[in-house]
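One structure is given here, and the rest of the page talks about it.
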Amino acid sequence: DGAGPQSYESAVKKAYTAVSWNAPTSELAKRLTQAPNLKDIPGTLFLGGGAPVTAKGAPIAGIGVAGAPSGDLDEKFARAGVATLGE
């Protein structure tokens, strides 16, 4: 409830970013200080809310969440989704 129309596209981009680098997007956002051009790669979004899904240590998918009041909450929910898949 209350998520803006941009949330769908943001969630997709966060999932894509997380699976592409096999890391949560909050961690990837920190890498921008060393490599700011990463954010220029089409289809990516370096904001908290994306988590990779792995099988045998390899990234196979990503879960992206957008629309919560903060990226921290978005990522909390994305990680919960990943944890549920492991059950």
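So which lysines pass the test for LYS56, namely a Cα distance under 27 Å, with those fewer than 8 places away in the same chain ruled out? Here the lysines satisfying the reach criterion relative to LYS56 are LYS13, LYS14, LYS30, LYS76. Quick one: compute the contact order of the chain, relative version, from alpha carbon pairs under 8 angstrom and 6+ residues apart, as a percent. Worked out over the chain, it gives 34 percent. Rolling a 1.4 Å probe across the protein heavy atoms gives the range 1-44 an accessible surface of 66 Å² per residue. A full extension of the chain between LEU32 and ALA83 corresponds to an added length of 15.7 nm, given 0.36 nm per residue minus the alpha carbon distance. When only alpha carbons of the chain are considered, Rg and Dmax amount to 12.2, 37 Å. Between amide H atoms placed 1.01 Å from N, distances below 5 Å from ALA61 occur with VAL53, all of them 5 or more places distant or on a separate chain. In order along the range 14-25, the Karplus-derived 3J(HN,Hα) couplings, from 6.51 cos²θ - 1.76 cosθ + 1.60 at θ = phi - 60°, round to 5, 4, 4, 5, 4, 6, 5, 10, 6, 7, x, 5 Hz, and Gly and Pro are given as x. The separation of the range 1-24 from the range 64-87, counted between C-alpha centres, amounts to 10 Å. Relative contact order, whole percent, for the range 41-87 stands at 36, derived from Cα pairs under 8 Å and 6 or more residues apart.
Rg/Rh for the range 8-58 (Cα atoms only, Rh after Kirkwood) is 0.96. Computed over protein heavy atoms with a 1.4 Å probe, the carbon and sulfur contribution to the accessible area of the range 1-71 reaches 57%. As a calculated quantity, the FRET efficiency between GLU9 and ALA58 at R0 = 22 Å, using C-beta atoms, amounts to about 0.25.
The values are calculated or read from the model by the stated rules, or taken from the named source; none is laboratory data. Values in this document were obtained by computation on a predicted structure and should not be read as measured data. Please note: Cβ atoms are built from the backbone with ideal geometry, for glycine as well, and neighbour counts cover all protein chains shown. Note: accessible area is taken over every heavy atom of the protein model, side chains too, but ligands, DNA and RNA are not part of it. Shrake-Rupley method; radii C 1.70, N 1.55, O 1.52, S 1.80 Å.
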